[in-house]
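Some notes on the structure that comes next.
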Amino acid sequence: MRLYAKIYIIAYALFIITIFLLPLFSFEGYSVAQNSINELGAQKVPGNWIANDTIVILSLAIALLATKQLNLYWKQLAILYFFCFSFLLTGVYQLASPDTYQYIFNYTDDAFHSLFTIIAGFAFCLFCISFIFIIEKKNHKWQTFGAFSLAIIAPLLMWQFPEYRGLHQRILYLGAFGWLFYALTCYQFKSNDGSISMMKFNK
């Protein structure tokens with residue numbers, strides 16, 4: 001396993017640890033099942049910098065691995081860059097804390113956070129669609145469609161069942177980022193001349 005993949009794995013592991021352990025030190029009453037990951041990084045929430053820094057680190061790790069693996073596929077790479085940048089900005093701009101009665105918040109940051117969360121979701125779906133066209137194996141295409149479906153269904157479940165939105169969001173993020181690592185390191189891609197290539201990180 002090479003450098004960029006190791007960086008991704010470390011960033012992904014930090015993300016997993018953060019979204020499941022940080023709630024123990026977050027605001028009183030935080031529930032992994034009910035409260036979203038975004039609320040861990042909300043304004044004036046204890047340890048919010050940990051959640052936000054983890055999002056930034058993971059975004060950069062995805063961009064690094066994608067640059068190495070998709071350097072021949074500029075359209076897909078550009079879309080994935082767009083996703084990474086949007087996701088990174090959800091860690092830069094912070095959601096307003098659920099405790100809206102005790103503190104005064106920066107609601108401009110809150111609005112930008114919500115905006116870039118929506119944009120990141122759209123960009124991920126767009127990447128999945130474009131990614132299908134360069135994948136060689138049929139089962140890999142179906143896996144990509146599965147990731148696309150997850151990115152559509154999970155937010156709908158979060159909206160329909162708000163009491164479990166934290167759980168649904170965690171399933172979404174773990175599934176999407178886990179699939180993305182597997183796809184970037186193991187899928188076979190069609191070359192520009194129609195032949196098959198397998199992107200290997202051998203440096």
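Out of Ser130, Ser86, Ser114, one residue alone is over 24 Å from Tyr187 (Cβ atoms) and out of contact with any Leu (no Cβ under 7 Å at 6 or more places or on another chain). It is Ser114. Residues of region 13-37 that are polar (S, T, N, Q), under 23 Å from Phe112 (Cα atoms) and open to solvent by 30 Å² or more (accessible area, probe 1.4 Å): Gln34 alone. Of the residues making up region 55-65, not a single one is more than 21 Å from Leu174 (Cα to Cα) and surrounded by 20 or more Cβ atoms within 10 Å (Cβ to Cβ). Residue count for region 135-157, restricted to those that are open to solvent by less than 40 Å² (accessible area, probe 1.4 Å) and in contact with a Lys or Arg (Cβ under 7 Å, 6 or more places away or on another chain): 1. Ile118 - would you say it is over 16 Å from the mean Cα position of the chain (by Cα), among the β-branched types (Val, Ile, Thr) and either at pLDDT 95 or above or farther than 23 Å from Glu28 by Cβ (or both)? For Ile118, the condition - over 16 Å from the mean Cα position of the chain (by Cα), among the β-branched types (Val, Ile, Thr) and either at pLDDT 95 or above or farther than 23 Å from Glu28 by Cβ (or both) - is not met.
The residues in region 5-43 that are of a type in the set (Ser, Thr, Tyr) and at pLDDT 95 or above can be counted, and the count is 3.
The values are calculated or read from the model by the stated rules, or taken from the named source; none is laboratory data. Remember, it's a predicted structure, so these values are computed and weren't measured experimentally. We place every Cβ from the backbone using ideal geometry, glycine too, and count neighbours over all the protein chains shown. Areas reflect the complete protein model, heavy atoms only, side chains present, ligands, DNA and RNA absent. Shrake-Rupley method; radii C 1.70, N 1.55, O 1.52, S 1.80 Å.
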